Amino acid sequence: MKRIYCRACNACGLQEVLNLGRQPPSNALLASPKDKENYYPLRLVHCRACSLLQLDYDVPHDELFTGAYPYYSGQSKQWVEHCRQYADMIYQRLGLTKESTIYEIGGNDGTLLANFAGRAFFLANYEPSDSVADHARSHGIPTVSKAWGRGIEQIAYPPDLIIANNVMAHDPDLQGFVETTAKYLNRGGTFTAEFPWAKNLIEQTQFDTIYHEHYSYFSLRALIPLFTEHGLSIYDVEKLPTHGGSLRIYASHTGAREVTKHVNDVLHEEADLGKMETYWKFRERAYSVRTEFETFLAHLSNEYPVTLCAYGAAAKGNTFINWLGLRASDIAAVGDTTPAKIGKFLPGSRIPIVSEAQLMQYRPDYVLILPWNWTQEITEKLHCIRAWGGQFVTAIPELKVF
Ligand code: DWN
């Protein structure tokens, strides 16, 4: 549905920043290249009142997060380690005990909550996608098959900690998400959320992270007024290297915790996010990235015969591929280790998703890393392509062949 009012502050001054055309949902993988997929507008807009970057077209949440949702957070070793480090840190920082109650919103396959098993009185993963929810349950993680928000009419115990990593942007009803968090968070409790920082999206031209699952793209300057409206205070913030550069925020009921200087430091760094010129320059760079890759492809066609494959059937990869209009004639196949993805086809391009072993059978001359945020882990895994002179390619924030 087309949106004309800001989903955070309800103002009507939504300014288009980048129009990525009509695209299929990034995780709507096809069982067969003959299948048909839906296409929807994909436009990033900026609210001139509160600076929230967001989409101005909402694909229904239950169409995106279906029972077959194919993204399993445990597929990356680095992410699994990141979750372990977070769990140990927060347990110590908040002085959690075996009497504590810990909720995770959108806990996917239970990768993070598993680190609290046996260390808390009560755990709950609120996960609406049956595929990953079932995986979490099968690994002993108590999971409620519901999306967080105004539909949650009661919960078992008031949470001492609510965790929301890479999920707040996945709720079209941002107001309802924050309202529900404020409603249930224990008086002395903490809410932590991790999300890709909008400042990095803009400055590092990460336009491929714009897709229908991400209804919002967060900065502190946009979140603080929204949290304040619901009696919550963001009392600390950390920068993280994950997903292209993220923020981790810590929030409590207003007045429950002292606000650290880090919050003002980050707000100061976000000053340019209030200027439209920042977004015009971002749009120019996005088109430059597209032209640069198209030139690279044209150069390949002059080398005969050359095989270009990709690795990582990432949601962000589909935004990139479909904005450039790439097809299997350009990228022969994409390798991935997610069992739910192998054997399927990318939406739009219909590029086949194959296993790592199948990918190596192509003996690719070039491997385009679509989840550039895992470049180190992936190049280490696929180092064998060097044996036949194969090279890796990343396209964002600029073309690199290495
Ligand atoms: O916000 C979201 C982020 C957190 O994760 C979700 N909406 C969906 C998802 O976005 P993504 O698909 O762009 O995330 P990743 O983690 O960049 O995708 C990595 C892809 O690469 C996955 O399909 C798994 C795959 N992979 C793999 O097969 N082997 C990744 C690594 C590191 C590997 O070793």
Is it true that Ala251 is part of a strand (DSSP E or B), within 16 Å of the ligand (Cβ to nearest atom) and either modelled with pLDDT under 95 or surrounded by 13 or more Cβ atoms within 10 Å (Cβ to Cβ) (or both)?
no
Taking Thr97 as the residue in question, decide whether it is surrounded by fewer than 19 Cβ atoms within 10 Å (Cβ to Cβ), modelled with pLDDT under 95 and not small (Gly, Ala, Ser).
no
I'd like to verify a number: residues in the range 106-127 that are in contact (Cβ under 8 Å) with a residue 24 or more places away in the chain, over 19 Å from Glu194 (Cβ atoms) and of a type outside the set (D, E, K, R), how many?
4
Residue that is farthest from His46 (Cα to Cα), among those in the range 194-215 that are within 11 Å of the ligand (Cβ to nearest atom) and aromatic (Phe, Trp, Tyr):
Phe195
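Just for the range 254-307: of the residues that are among the small types (Gly, Ala, Ser) and in contact with a Ser or Thr (Cβ under 9 Å, 6 or more places away or on another chain), which one is surrounded by the fewest Cβ atoms within 10 Å (Cβ to Cβ)? It would help to see each step written out before you state the result.
Let us first name the residues in the range 254-307 that are among the small types (Gly, Ala, Ser), namely 255-256, 271, 274, 286, 288, 298, 301.
Narrowing the set further to residues that are in contact with a Ser or Thr (Cβ under 9 Å, 6 or more places away or on another chain) leaves 255-256, 274, 286, 288.
Values: Gly255: 10, Ala256: 16, Gly274: 14, Ala286: 23, Ser288: 14.
Among them, the one singled out is Gly255.
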Answer yes or no as to whether Phe293 is of a type in the set (Phe, Trp, Tyr), within 14 Å of the ligand (Cβ to nearest atom), closer than 23 Å to Arg43 by Cα and in contact (Cβ under 8 Å) with a residue 60 or more places away in the chain.
no
The range 141-154, residues that are in contact (Cβ under 8 Å) with a residue 24 or more places away in the chain and either surrounded by fewer than 18 Cβ atoms within 10 Å (Cβ to Cβ) or more than 22 Å from His230 (Cβ to Cβ) (or both)
Ile141, Thr143, Arg150, Ile152
Of all residues being hydrophobic (A, V, I, L, M, F, W, C) and part of a loop (DSSP other than H, G, I, E, B) in the range 13-42, which is nearest to the ligand (Cβ to nearest atom)? Just the residue, please.
Leu29
Take the conditions at pLDDT 95 or above, within 22 Å of Val167 (Cβ to Cβ), charged (D, E, K, R) and within 16 Å of the ligand (Cβ to nearest atom) and apply them to Lys344. Does it pass?
no
Checked the range 43-88 for anything in a helix (DSSP H, G or I), more than 13 Å from the ligand (Cβ to nearest atom) and buried (at least 16 other Cβ atoms within 10 Å of the Cβ); matches are Tyr86, Ala87
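The values are calculated or read from the model by the stated rules, or taken from the named source; none is laboratory data. Computed from a predicted structure; not experimentally measured. Cβ: placed from backbone, ideal geometry, glycine included. Neighbour counts: every protein chain shown.
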